[in-house]
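Each remark here refers to the structure printed beneath this line.
The values are calculated or read from the model by the stated rules, or taken from the named source; none is laboratory data. Predicted, not measured: the structure shown is a model, and the values here were computed from it. A quick note on method: Cβ atoms are made from the backbone with ideal geometry, for glycine too, and the neighbour counts reach across all protein chains shown. Please note that ligands, DNA and RNA were not included when accessible areas were found on the heavy atoms of the full protein model with its side chains. Shrake-Rupley method; radii C 1.70, N 1.55, O 1.52, S 1.80 Å.
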Amino acid sequence: MGDWALITGASSGIGHELAKLFAAGGFNLVLVARNEARLRQVAAELLDQSAIRTKVLPCDLASASAPDQIFDSLRDTPISILVNNAGFGVHGPFAGIDLGVQTDLMQVNMTALVRLTHLFLQPMLARGHGRILNVASTAAFQPGPTVNAYYASKAFVFSFSYALAAELKDTGITVTTLCPGSTRTEFFDRARMPVSRKLPMMEARAVAEAGYRGLMRGKRVVIPGASNKITSLLAKWSPVRLAAAVVAAIHKPGR
Ligand SMILES: NC(=O)c1ccc[n+]([C@@H]2O[C@H](COP(=O)([O-])OP(=O)(O)OC[C@H]3O[C@@H](n4cnc5c(N)ncnc54)[C@H](OP(=O)(O)O)[C@@H]3O)[C@@H](O)[C@H]2O)c1
């Protein structure tokens, strides 16, 4: 019958690559995102390559009721791995960005992640095993002028997930926080976020592989790529004013 993994944001980028890795590992998959056509394409591609089962659950995680609807529709599907990957950013001067977009960002990146974690953790605790992968970012390690809400949301995901991992020690449930640096996906276009052409970008496949490996080993934090590890350490050790100035320069239009 096989174990089930649920992946949010499985329609593109890192989530899509994670779905391929889980399928290759023999996991049945619940695929969540808004774009149903793309989710069905992903499901077809996975079924082509592996003998797993899939469920496609199109939904908008910016809607407050979405996590409960997902949980309720999976009452007969024991989820042993939860991957909270869906997320988006928005770039620009804070005062000029529509507040609705900012609150949607907080709902998707933080509230839905917390709610899905809380809901799916209960049956995992009852079974005495489970794995959770929460996708944060290297953005978690410093403030991000002109990308304020996004950077703050990832700092929240990091802190929340690390604390939960420590709290769940010895329960059989592991929580892994994946902190990618800049990765070649649709993320920057969707966020209308300029990035320096000199900024090194990782491929989504390599990021997903690092996350999958770390999750399976029960690691608490995974920062894929040597340069991301180094810049994360530098950000943590630098005065916050300097770290924030570096981010502002990276995201300056025209670079
Ligand atoms: N790319 C980077 O440089 C980078 C760096 C660090 C961290 N990350 C994080 O990695 C995660 C994956 O992003 P990505 O880089 O793979 O970008 P992406 O290609 O834009 O993928 C984002 C995924 O999230 C889903 N999503 C967005 N809003 C949603 C909503 N309201 N409801 C349900 N699903 C939603 C999207 O699907 P639909 O549009 O179909 O809903 C898509 O599947 C995000 O949490 C992002 O913050 C990315």
request  = Estimate the FRET efficiency between SER73 and LYS198 by the formula 1/(1 + (r/R0)^6), using the beta-carbon distance for r and 41 Å for R0, to the nearest 0.05.
outcome  = 0.35
query = In terms of modelled amide H atoms, which long-range or inter-chain residues lie less than 5 Å from the amide H of LEU133?
reply = LEU82, VAL83, ASN84, THR176
inquiry  = As a test question: what accessible area, to the nearest 10 Å², does ILE52 have when a 1.4 Å probe is rolled over all protein chains in place?
reply    = 20
message = Only Cα pairs within less than 10 Å get springs; with that Gaussian network setup on the chain, which residue of PRO180, PRO58, PRO200 has the largest fluctuation?
response = PRO200
inquiry  = Let me cross-check VAL240: its accessible surface, 1.4 Å probe, with only protein heavy atoms counted, in Å² to the nearest 10?
reply    = 90
query = Using 19 Å as the cut-off for backbone N distance, which residues of the range 84-109 belong to the label zone defined by a point 7 Å from the Cα of SER65 along Cα→Cβ?
reply = 104, 107-108
query = Given the pairs LYS55/LYS219; LYS169/LYS219; LYS55/LYS169, which span a C-alpha to C-alpha distance of over 21 angstrom in this model?
reply = LYS55/LYS219; LYS55/LYS169
query = What do you reckon, how do HIS16, HIS251 stack up by accessible area (1.4 Å probe), largest on top?
reply = HIS16, HIS251
note = Heavy-atom accessible area per residue of the range 4-250, all protein chains kept, 1.4 Å probe, expressed in Å², is 46
query = Where does the chain land at 222 nm, in deg cm²/dmol rounded to the nearest 500, when only DSSP H runs of n ≥ 4 count, each adding -39500 (n - 2.57), divided by all residues?
reply = -14500 deg cm²/dmol
task = Calculate the spin-label point distance for ASP3 paired with ALA226, positioning each point 7 Å from the Cα along the beta-carbon direction, and give it in nanometres.
result = 3.2
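Using heavy-atom solvent-accessible surface (probe 1.4 Å) with all chains present, what is the largest-first order of LYS55, LYS236?
LYS236, LYS55
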query = What are the ³J(HN,Hα) values, in whole Hz, obtained from phi via the Karplus relation 6.51 cos²θ - 1.76 cosθ + 1.60 with θ = phi - 60°, for each residue of the range 68-78 in sequence order, with x given for Gly and Pro?
reply = 5, 5, 4, 4, 5, 6, 10, 4, 9, 10, x
query = With the contact rule set at Cα under 8 Å and sequence spacing of 6 or more, what percent relative contact order holds for the chain?
reply = 19
key: Most fluctuating residue given options ASN109, ASN85, ASN148, as computed from a GNM of the chain linking Cα atoms under 10 Å   = ASN148
query = Going 7 Å from the Cα of ALA95 in the Cα-to-Cβ direction, what parts of the range 134-158 have a backbone nitrogen less than 15 Å from that spot?
reply = 146
request  = May I ask you to evaluate 6.51 cos²θ - 1.76 cosθ + 1.60, the Karplus curve with θ = phi - 60°, for each residue of the range 158-170 and list the ³J(HN,Hα) values in order in whole Hz, giving x for glycine and proline?
outcome  = 4, 5, 4, 6, 5, 4, 5, 4, 5, 5, 8, 3, 6
message = As I understand it, the value is the acute angle between the Cα axis of helix 226-237 and the longest principal axis of the Cα atoms of the chain; what does it come to in degrees, rounded to 10?
response = 60
key: Net charge over other residues, Cβ less than 15 angstrom from the Cβ of ILE97 (K, R count +1; D, E count -1)   = 0
inquiry  = Net charge around ARG184, counting only other residues with Cβ within less than 10 Å of its Cβ (Lys, Arg = +1; Asp, Glu = -1)?
reply    = -1
inquiry  = Can you give me the angle between helix 112-127 and the longest principal axis of the chain, using Cα atoms only, in degrees from 0 to 90, rounded to the nearest 10?
reply    = 40
query = So how tilted is helix 36-49 from the main axis of the chain? Cα-based, degrees 0 to 90, rounded to 10.
reply = 60
query = Listed highest first by mean packing, meaning other Cβ atoms within 10 Å per residue, what order do 114-122, 132-140 come in?
reply = 132-140, 114-122
ask   = Per the Kirkwood formula on distinct C-alpha pairs, the Rh of the range 4-250 is how many angstrom?
value = 18.2
request  = Roll a 1.4 angstrom probe over the protein heavy atoms and tell me the percent of accessible area of the chain that is carbon or sulfur.
outcome  = 56
ask   = Among LYS229, LYS198, LYS154, which one moves the most in a GNM of the chain with springs linking Cα atoms closer than 10 Å?
value = LYS198
key: Cβ-based net charge around THR174, under 12 Å, with every Lys or Arg adding one and every Asp or Glu removing one   = +3
